[in-house]
């Protein structure tokens with residue numbers, strides 16, 4: 001039996017199946033992050049992007065294929081998280097253009113849609129790099145087109161593309177030296193193939209097609225006849241809850257919740273904490289959370305039955321109650337101290353996000369639309385959020401300008417030149433010039449063994465980054481800070497500012513400040529509580 005055409009409902013089911021397959025493999029994709037810092041979220045970002053796509057597609061799944069494809073495209077865009085999610089949304093965007101106006105699609109249509117998706121994704125990236133998801137999707141599309149010209153079976157066409165994709169993925173370390181040095185293949189490309197394998201398995205299941213009748217090396221097949229994926233989950237229930245109360249201890253909550261499941265996310269501050277965990281005992285999760293405060297927004301999903309409906313319940317950035325002004329500000333940050341600092345410098349809305357937690361295009365769009373201003377300047381403050389931020393420019397109901405800050409330190413420097421009633425182009429120019437002058441560094445810990453920039457890094461090492469590049473690794477936070485400063489402080493330096501994270505004790509940071517004041521007697525050393533997770537220190541030099 002062959003599959004010669006698909007409808008809108010087929011498309012939704014196949015994307016949903018691909019999403020579920022990626023969900024079951026996203027941890028392995030996250031581990032492919034070439035940097036051994038705790039922000040390897042490629043698999044998670046792609047998965048959350050797909051969840052949003054599925055949600056929108058299901059709303060119109062009984063409509064013609066073209067309308068369904070458009071809904072999936074818009075859903076992926078609004079839910080796009082991180083660079084990988086944005087690129088995935090652009091693939092769907094290109095596909096939707098080809099499928100527009102169609103009630104159904106044959107093998108040639110699908111191949112042409114994938115090719116358009118690849119082209120659109122390349123166009124969306126200012127400087128496309130070979131050896132990434134872009135290369136993989138291009139070769140997938142080429143193979144699909146070649147197969148479709150001689151075979152009208154959509155399953156065979158997609159399997160040919162997947163086979164070519166795996167061959168290309170294996171070559172990515174030879175195309176991109178940083179992958180070769182880290183000993184991994186491209187994470188985005190791997191995530192894309194997990195998704196495509198899931199779509200084929202979903203189509204085969206729905207149409208009662210035996211994949212075993214095809215060449216066995218063309219797709220990673222599951223041993224379970226259910227197609228899609230094996231549905232035997234170690235932890236069955238996705239449990240989410242907001243905990244509100246005074247003096248919440250995020251680290252302590254993590255320690256108590258960790259034994260109850262996996263895929264755990266515990267983020268927040270001393271007053272409100274968001275908990276997400278996969279567990280077989282959601283009641284125990286809620287009972288544990290009750291030790292700290294009141295519970296609200298409780299959500300428990302059986303992932304075997306409702307995995308396609310689960311979206312992270314990200315907090316709304318809230319209403320902007322400020323008076324109307326010409327130019328407003330939206331920034332991305334995580335950490336109560338950093339949020340307070342940004343708001344004190346004029347930021348209207350701070351969208352929660354950063355390392356390990358990238359806000360979606362929808363999150364950023366809603367924040368910009370809420371600001372009571374004629375125009376909004378958007379500060380993403382993370383290289384993995386810049387692309388999602390740039391999508392807001394075309395979607396917002398007001399003028400939005402993105403200043404592509406890659407760190408909180410750059411944002412703080414830029415905000416020194418912010419004038420809410422100035423001329424937009426002048427304000428943007430001044431802020432851009434200001435953030436470009438600051439030097440910044442970060443101190444965090446390695447989450448896995450790695451070789452990077454000639455450094456042999458072990459899991460748990462304290463690593464120092466200068467402007468996003470790993471420069472050193474030691475076994476001491478203090479030593480890492482001192483070595484970083486040796487590299488970036490010069491005779492023109494007058495100010496050293498440190499923002500310390502949630503894991504640091506006040507006594508530790510005060511001792512650090514005193515030592516630095518002695519070493520750099522000619523400089524002013526300032527210390528602020530940032531409260532950021534994962535990163536011990538953010539450092540700026542002026």
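The values are calculated or read from the model by the stated rules, or taken from the named source; none is laboratory data. Source: prediction; values computed, not measured. So basically every Cβ, Gly included, is an ideal-geometry build from the backbone, and we count neighbours across all protein chains shown.
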Exercise for review: Please tell me if residue 520 is under 29 Å from the mean Cα position of the chain (by Cα) and closer than 28 Å to residue 416 by Cα.
Suggested key: no
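For (1) in contact with a helix residue (DSSP H, G or I) (Cβ under 9 Å, 6 or more places away or on another chain); (2) closer than 21 Å to residue 387 by Cα; (3) in contact (Cβ under 8 Å) with a residue 40 or more places away in the chain, each residue gets a yes or a no:
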residue	(1), (2), (3)
52	yes, yes, yes
72	yes, yes, yes
112	yes, no, no
117	yes, yes, no
Check your understanding: Looking at (1) exposed (fewer than 15 other Cβ atoms within 10 Å of the Cβ); (2) modelled with pLDDT of 85 or more; (3) within 27 Å of residue 24 (Cα to Cα), can you tell me which one residue 247 breaks?
Key -> (3)
Review point. Restricting attention to the stretch 34-46, does a residue exist that is at pLDDT 90 or above and crowded, with 24+ Cβ neighbours inside 10 Å?
Key: yes
Review point. If you scan the stretch 368-381, which residues turn out to be under 16 Å from residue 415 (Cβ atoms) and out of contact with any helix residue (DSSP H, G or I) (no Cβ under 7 Å at 6 or more places or on another chain)?
Key: 371, 373
Review point. If residue 466 passes every condition in (1) buried (at least 20 other Cβ atoms within 10 Å of the Cβ); (2) within 23 Å of the chain's Cα centre (by Cα) but one, which one does it miss?
Key: (1)
Exercise for review: Go through the stretch 287-310 and give me each residue that's surrounded by 16 or more Cβ atoms within 10 Å (Cβ to Cβ) and either touching a strand residue (DSSP E or B) at 6+ places or on another chain (Cβ under 6 Å) or at pLDDT below 65 (or both).
Suggested key: 289, 292, 293, 295, 301, 303, 307, 308, 310
Practice item. Filter the stretch 476-497 for residues that are outside any helix (DSSP H, G or I) and in contact with a helix residue (DSSP H, G or I) (Cβ under 7 Å, 6 or more places away or on another chain) and give the result. Key: 496
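Filter the stretch 392-410 down to the residues that are in contact with a helix residue (DSSP H, G or I) (Cβ under 6 Å, 6 or more places away or on another chain), farther than 14 Å from residue 376 by Cβ and surrounded by 19 or more Cβ atoms within 10 Å (Cβ to Cβ) and list them by number.
405, 408, 410
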Review point. Any residue in the stretch 498-518 that is surrounded by fewer than 21 Cβ atoms within 10 Å (Cβ to Cβ), in a strand (DSSP E or B) and not assigned by TED's automatic domain parsing to the domain that holds residue 383?
Key: no
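Which residues, taken from the stretch 74-107, are without any contact (Cβ under 8 Å) to a residue 24 or more places away in the chain and either surrounded by fewer than 24 Cβ atoms within 10 Å (Cβ to Cβ) or not assigned by TED's automatic domain parsing to the domain that holds residue 196 (or both)?
If the condition is that a residue be without any contact (Cβ under 8 Å) to a residue 24 or more places away in the chain and either surrounded by fewer than 24 Cβ atoms within 10 Å (Cβ to Cβ) or not assigned by TED's automatic domain parsing to the domain that holds residue 196 (or both), then 74, 97, 98 are the ones that fit.
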Practice item. Run down 429, 419 and say which single residue is in contact with a strand residue (DSSP E or B) (Cβ under 9 Å, 6 or more places away or on another chain), surrounded by fewer than 20 Cβ atoms within 10 Å (Cβ to Cβ), outside the structural domain of residue 533 (by TED's automatic domain parsing) and closer than 21 Å to residue 375 by Cα. Key: 419
